[in-house]
């Protein structure tokens, strides 16, 4: 006979779990005791949300299920945002929450919520364990569902009295599972359309980043010479220093990259995820679309592809690459003209050395400081648009930004998760002051874990993204400014290293110094967002509209 909590841990070990991130409570103590005898490490965080973000980022990098732990009631509700972050972002996560005894309780309704029902709308699978004998099958099912395309969040509630039970059940080993292969007829149809097109283009979305399609897509572009665009979640799948890169669809419309897409007569949409803002809008008269993904297309008024290639993305691209013959009549001049105009516009801005720091120069400075395999984890704010547009990602999952839930507070925990998975790579969290303060307590966790990360705080003493929208709508400046702590002293109070940017040249020095040193570094960087509305909402759209293509 095996105690139920020991059996649960054995099931996690069978699944290859390395870490459990979380904040335990009274209702988790049997689980915690069993975990203490396991090779699985407990990563104790200062808030359940931070634990969930770390688990999701671990999953994003590894493709394995990230596991996080919370108690009942407020512990479980604190996981809700992280659950939605994983669910919308396509990151496989298992959330484990405690509960009072379900067979005999003497505490009334104290702290009790229907957590299973609460998790239903924001997860792929949620279940209350009501018998120790069912633990192996329920854990196996949670892991299977979490990793099935599209990956997402799962949840198991583990009541106190069930954790104490005895069982003769044993863990169920994971089965060997492979994604289906796209059928030959679909591949042939896609290839024929591509060869007949005059100006085809690739659009690379989040699904291509999840399924590690980088090598095949890179080879496809090298063989055919067909240019590519990325969505925000598709950044880095192909090296964006390539001369075939046309830009990132970071703005909703009216950017140079949208003008490039408009010149195409065929769009190959790879790994499209409806969770992102559409990088283009289909009409009855627009270019035809080939949908390449693990799942069939979700049709809506602006997306109704003519050809669907359904199966493992990397294999589908490989099959098309092997079949296709590059065509002499293909012409990409108009697309490349639009890209050249964007590069020229960016170059006119990114050498502005003002202080507080100008966003285009900030992006340039960070890109120059980071190696090709360096990872930047962005929180949510207006700077996300600047980085998505101007920061050329060199490798998959080296630009971690959230264009799905688009939550604040995830930047620091995401960087911490990255540093745990890749301890030998340079990792930087880039946060607005508003987003940073939502989970700033995890600085203590980062120091305690001995992580090597740099936290760059972009300080404008306001909720800048909303303030930008407020200005664009013609409303008065109201209700979005706040005060901040002395971030240097704040970092030092956690045992981290605090720095403050004094000039644009000093920013470069600090980035090089912090990234070249061990430990946790925080850089307080004041930013000048005064031109956000003028450039992002007006200048770019006006300049791109004037292009003669």
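The values are calculated or read from the model by the stated rules, or taken from the named source; none is laboratory data. All of these numbers come straight from a predicted model, not from anything done at the bench. For neighbour counting, all protein chains shown are included, and Cβ atoms are generated from backbone atoms with ideal geometry for every residue, glycine included.
State whether the residues of the stretch 403-415 include one that is assigned to a helix (DSSP H, G or I), modelled with pLDDT of 95 or more, over 19 Å from the mean Cα position of the chain (by Cα) and closer than 29 Å to residue 23 by Cα.
No, the stretch 403-415 contains no residue that is assigned to a helix (DSSP H, G or I), modelled with pLDDT of 95 or more, over 19 Å from the mean Cα position of the chain (by Cα) and closer than 29 Å to residue 23 by Cα.
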Check: Out of all the residues in the stretch 479-495, which are under 21 Å from residue 357 (Cβ atoms), surrounded by 12 or more Cβ atoms within 10 Å (Cβ to Cβ) and in contact with a strand residue (DSSP E or B) (Cβ under 9 Å, 6 or more places away or on another chain)?
Finding: 480, 481, 484, 486, 487, 488, 490, 491
Check: Which condition does residue 48 not pass, out of (1) buried (at least 23 other Cβ atoms within 10 Å of the Cβ); (2) at pLDDT 95 or above; (3) over 21 Å from the mean Cα position of the chain (by Cα), if it passes all the others?
Finding: (3)
Next item on the list: State the number of residues belonging to the stretch 492-520 that are over 26 Å from residue 389 (Cβ atoms) and touching a helix residue (DSSP H, G or I) at 6+ places or on another chain (Cβ under 7 Å).
Entry: 8
Note to self: If I filter the stretch 358-373 for residues that are in the same structural domain as residue 252 (by TED's automatic domain parsing), touching a residue at least 40 places away in the same chain (Cβ under 8 Å) and within 20 Å of the chain's Cα centre (by Cα), do I get at least one hit?
What the structure shows: no
Note to self: Residues that are assigned by TED's automatic domain parsing to the domain that holds residue 426, modelled with pLDDT of 95 or more and loosely packed, with under 12 Cβ neighbours inside 10 Å: does the stretch 329-342 have at least one?
What the structure shows: no
Next item on the list: Test each condition in (1) touching a strand residue (DSSP E or B) at 6+ places or on another chain (Cβ under 8 Å); (2) modelled with pLDDT of 95 or more for residue 64 and report the one that comes out false.
Entry: (1)
Next item on the list: Mind counting the residues in the stretch 416-440 that are touching a residue at least 60 places away in the same chain (Cβ under 8 Å) and buried (at least 24 other Cβ atoms within 10 Å of the Cβ)?
Entry: 6
Notebook entry, point to check: Regarding residue 9, is this residue touching a helix residue (DSSP H, G or I) at 6+ places or on another chain (Cβ under 6 Å) and not assigned by TED's automatic domain parsing to the domain that holds residue 448?
Noted result: yes
Next item on the list: Out of the residues in the stretch 298-326 that are buried (at least 17 other Cβ atoms within 10 Å of the Cβ) and free of Cβ contacts under 8 Å to residues at least 40 places away in the same chain, state the one that is farthest from the chain's Cα centre (by Cα).
Entry: 305
Margin query: I need the strands (runs of 3 or more DSSP E) fully contained in the stretch 1-119, keeping only those with at least 1 residues that are under 17 Å from residue 405 (Cβ atoms) and touching a residue at least 24 places away in the same chain (Cβ under 8 Å).
Written below: 66-70, 93-99
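Table: residues versus (1) in contact with a helix residue (DSSP H, G or I) (Cβ under 8 Å, 6 or more places away or on another chain); (2) surrounded by fewer than 21 Cβ atoms within 10 Å (Cβ to Cβ); (3) within 19 Å of residue 60 (Cβ to Cβ).
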position: 174; (1), (2), (3): yes, yes, no
position: 180; (1), (2), (3): no, yes, no
position: 187; (1), (2), (3): yes, no, no
position: 192; (1), (2), (3): no, yes, no
position: 205; (1), (2), (3): yes, no, yes
position: 219; (1), (2), (3): yes, yes, no
position: 222; (1), (2), (3): no, yes, no
position: 228; (1), (2), (3): yes, no, no
position: 233; (1), (2), (3): yes, no, yes
Check: Do the conditions hold for residue 126, that is, is it buried (at least 23 other Cβ atoms within 10 Å of the Cβ), in a strand (DSSP E or B) and touching a helix residue (DSSP H, G or I) at 6+ places or on another chain (Cβ under 9 Å)?
Finding: no
Item checked: Of all residues in the stretch 518-538 being in contact (Cβ under 8 Å) with a residue 40 or more places away in the chain and surrounded by fewer than 19 Cβ atoms within 10 Å (Cβ to Cβ), the one that is nearest to residue 415 (Cα to Cα) -> 519
Item checked: Any hit, the stretch 523-530, residues being in the same structural domain as residue 386 (by TED's automatic domain parsing) and part of a helix (DSSP H, G or I) -> no
Check: Restricting attention to the stretch 74-96, does a residue exist that is over 16 Å from residue 5 (Cα atoms) and more than 24 Å from the chain's Cα centre (by Cα)?
Finding: yes
Item checked: Elements of type helices (runs of 4 or more DSSP H) contained in the stretch 329-400, each with 1 or more residues being closer than 17 Å to residue 525 by Cα -> 359-369, 383-390
Item checked: Qualifying residue in the stretch 106-113 (condition: on the phi < 0 side of the Ramachandran plot and touching a helix residue (DSSP H, G or I) at 6+ places or on another chain (Cβ under 8 Å)) -> yes
Check: Out of curiosity, is residue 476 at negative phi and surrounded by fewer than 17 Cβ atoms within 10 Å (Cβ to Cβ)?
Finding: yes
